1. On a 0 to 90° scale, report how tilted helix 138-148 is relative to the longest principal axis of the chain, with both axes built from alpha carbons and the result rounded to the nearest 10.
2. With contacts defined as alpha carbon pairs under 8 Å and 6 or more residues apart, what's the relative contact order of segment 68-208 in percent?
3. Could you list 180, 57 so that the one with the fewest beta carbons within 10 Å of its beta carbon is first and the one with the most is last?
4. Return the sequence-ordered ³J(HN,Hα) values of segment 155-161 in whole Hz as given by the Karplus equation 6.51 cos²θ - 1.76 cosθ + 1.60 applied to θ = phi - 60°, using x for Gly and Pro.
5. Kindly give the semi-axes, whole Å and largest first, of the ellipsoid equivalent to the chain, taking each as the square root of 5 times a Cα gyration tensor eigenvalue.
6. Which angle between 0 and 90 degrees, to the nearest 10, do you get for helix 185-208 versus the longest principal axis of the chain when only C-alpha atoms count?
7. How about segment 19-105: which trypsin sites (Lys or Arg not before Pro) there lie in a loop by DSSP and see at most 11 other Cβ atoms within 10 Å?
Amino acid sequence: MAKTEKTAKQIDISTEEKIKEAARVVFTRKGFVAAKVRDIAAEAGINLSLVNYYFRSKEKLFEIIMAETVRNLFSEIKHIINDEQTSIIRKIELITDHYIDMLIRNPDFPLFLVNEVMSGSDTLTAVIRSENLFWNSHFAKQLIELKTENKIQFHPLHLLLNVLGLIVFPFFGRPLLIKSSLTTAEEFTALIEERKKLIPAWISMILKG
């Protein structure tokens, strides 16, 4: 490949990724409906026409961003929940660490996802259905075996809902806690870090009955 062709391709990739990163920021901050293509162009520091050139429409860009984000969320824990050498509690420890770290970096992300689902977007649910990650995992097999052995008296999904709720729900309350001066951003992060140990301990007590 000639040097000029290679440089042109690198520029294309760089511009495309720059647009997608800016779109993630704007969509998370404003939501799909309120976000404008010009907002994304401004965030990326590029000409408005370039956004339209690469992605044709706001709808197409949002669809790509949502699908990539959700797939990344799932793909990064596949090796955890399918590891046959780790216990249920160890899997919960690793999942908790991973998602708490991710949410500390992106505290507005849970609200963004919920807003898009409530607005009628099918992108998230379509990706979840296509991945079918939970029921095909070794983690689900371990939970089903516990229920079969009568060591737990509830549907395995209750455990998943509890873990997700304990990780995600505090981030919904974060703006209220900070605005009402019940905590600061730094104190909130410290509290969330503590939950890396507390959540697995709480789930362990549930499993022990």
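1. Roughly 30 degrees between the two axes.
2. Computed over segment 68-208, the figure is 36 percent.
3. On the way: 180 8, 57 11.
Sorted ascending by nearby Cβ count, the order is 180, 57.
4. Each residue of segment 155-161 in turn: 5, x, 5, 4, 5, 4, 4 Hz.
5. Numbers: eigenvalues 268, 97, 51 Å².
In descending order the semi-axes read 37, 22, 16 Å.
6. 40
7. Numbers: sites: 20, 24, 29, 30, 36, 38, 56, 58, 60, 71, 78, 90, 91, 105; in loops: 36, 56.
Answer in residue order: 56.
Read the figures in this text as sums done on the coordinates, not as results from a lab. Just so it is clear, the model here is predicted, and its values are computed rather than measured. We place every Cβ from the backbone using ideal geometry, glycine too, and count neighbours over all the protein chains shown.
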